[in-house]
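Working notes for the structure below.
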Amino acid sequence: MNIPKHIKRHCPICKWSGQQFNTMGHRRLAHYDSRCPKCSSVERHRLVYVLMQGRIPPHSKLLHFAPEPSLQGWLQSQVREYVS
């Protein structure tokens, strides 16, 4: 897959920037340009991060089911009590 050189990718979670995200999956089910090479986040993780920024009360408790490693550290830093 050819991506024009002038288009940059940016991960809002780990602040990585570059030409292209990594591909994940196998030949027939490959997701091109989707996984961050630094924190391994994918589209849905980056969307959750962007949508939740500034919306979590700082003194709240958070129960995180099936925690994604790319979001876990950030979520822990946002709340008083974090349980996964």
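The values are calculated or read from the model by the stated rules, or taken from the named source; none is laboratory data. Not measured: the values here are computed from a predicted model. All Cβ positions, even for glycine, are placed from backbone atoms using ideal geometry, and neighbour counts span all protein chains on display. Surface accessibility is based on the protein's heavy atoms, side chains included, excluding ligands, DNA and RNA. Shrake-Rupley method; radii C 1.70, N 1.55, O 1.52, S 1.80 Å.
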Note down the accessible area of residue 32, probe 1.4 Å, to the nearest 10 Å².
-> 120
Heavy-atom accessible area of the chain with neighbours in place, 1.4 angstrom probe: carbon+sulfur share in percent works out to 55
Solvent-accessible area per residue, Å², over the chain with all protein chains present [probe radius 1.4 Å] | 74
Along principal axes, largest first, the alpha-carbon spread of segment 8-84 in whole Å comes out as 43, 24, 17
For the pair residue 62 and residue 83, how long in nm is the line joining their label points, each one 7 Å along Cα→Cβ?
-> 1.6
Using a 1.4 angstrom probe on the protein heavy atoms only, line up 7, 56 by accessible area, largest first.
-> 7, 56
